[in-house]
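What follows is a set of notes on a single structure, which appears directly below.
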Amino acid sequence: MHYNIVLAVTWFGQEHRLFGLNWNYLTILGFLGNAIFSTRFLIQWIASEKKGKSVIPDTFWYWSIAGSIIMCAYWIMERSPVGILAYLPNSFVYMRNLHLIRKHTRSASAPTQVSHKES
């Protein structure tokens, strides 16, 4: 059991080549972030097909945040200012969209007061 843990830890710390490409923990993190970030479009497409029109469900924004944070972490570890600046501000925009959606939903569901004018 202890031997398997040591192998896993040492594998993560080293570069491995497959198909002429470097594979390490950072590459796996980058693929994971890219997969999560790309899944948001699949979610949007499925939601639009169900509605029969173009819609953006709330889950689109959650997947966007998750993918953006992971991709930003990847670029931070790669120490790439281009990648960091490409993903860092995105999460704030996605969170703001969720805030606006919640705000609109709350105001739409709040009971409206009807004022009666006396004649």
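We did not get these values from a lab; they are worked out from the coordinates using the rules stated. These numbers were taken from a predicted model, which means no experiment stands behind them.
Below are the figures for this structure:
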| read-out | value |
| --- | --- |
| Residue-span extension gain [Glu78 to Met95] - 0.36 nm each, minus C-alpha spacing | 3.6 nm |
| Extension reserve of the Val55-Trp23 stretch, reckoned as 0.36 nm per residue once the Cα distance is removed | 7.8 nm |
